[in-house]
1. Can you find, within region 121-141, the residue that is surrounded by the fewest Cβ atoms within 10 Å (Cβ to Cβ) among those that are among the small types (G, A, S) and touching a residue at least 12 places away in the same chain (Cβ under 8 Å)?
2. Quick one: how many residues across region 110-120 are open to solvent by 30 Å² or more (accessible area, probe 1.4 Å) and touching a residue at least 60 places away in the same chain (Cβ under 8 Å)?
3. When residues of region 62-109 are filtered for being in contact (Cβ under 8 Å) with a residue 60 or more places away in the chain and either exposed (fewer than 11 other Cβ atoms within 10 Å of the Cβ) or part of a helix (DSSP H, G or I) (or both), how many remain?
4. Would you mind stating whether Y47 is under 16 Å from the mean Cα position of the chain (by Cα), under 18 Å from V146 (Cβ atoms), in a helix (DSSP H, G or I) and among the hydroxyl-bearing types (S, T, Y)?
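The values are calculated or read from the model by the stated rules, or taken from the named source; none is laboratory data. All values reported here derive from a predicted model rather than from experimental measurement. When we count neighbours, we look across all protein chains shown, and the Cβ atoms used for this are built from the backbone with ideal geometry, even at glycine. Each accessible area value is taken on the protein alone, full model and side chains, heavy atoms only, with ligands, DNA and RNA left out. Shrake-Rupley method; radii C 1.70, N 1.55, O 1.52, S 1.80 Å.
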Amino acid sequence: MLRAVPTGPESSVQRRIFMSSAALAASTGAVAAEPEAAAIEACARDYIEGWYAGDAARMERSLHPELAKRIVARRPDGRSALQTMGAMTLVQSTRARAGKAETGKRADVKVLDVFGHVASVRVDAEGWIDYMHLAQEDGRWRIVNVLWELRG
């Protein structure tokens with residue numbers, strides 16, 4: 001049911017009370033989420049920095065064993081195809097990079113959203129962007145899904 005928006009001095013007081021309550025609720029939520037956001041960011045950094053360093057152990061600890069990393073790629077005939085990589089393939093690819101460490105590469109991590117035991121993260125890497133879903137199991141954050149796109 002729609003109601004008319006009150007006007008006059010009472011509406012001004014009601015608006016201030018509402019805004020103050022909303023600000024308090026938002027700031028309380030942000031403070032509570034900070035430790036989780038730090039742990040989520042650390043997991044995403046293990047992933048991207050582990051890749052650049054060729055550090056398979058660091059990559060592996062960031063990934064859930066059931067990881068699905070996907071990209072929509074173009075086939076030679078011009079049609080799209082969804083390509084999927086699992087956790088072990090990604091760990092092995094990282095291990096193959098050992099001794100070829102890259103430093104100074106873009107590795108921007110942004111926690112987009114956290115709700116309970118799930119989170120969304122964007123990793124802005126040198127040659128691609130990853131959108132990740134993380135889950136917390138037994139107090140540990142790990143990457144479950146990655147949808148990525150190459151730059152260019």
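1. Only one residue fits best here, namely G127.
2. Final tally of qualifying residues: 2.
3. 1
4. Yes: the conditions hold for Y47.
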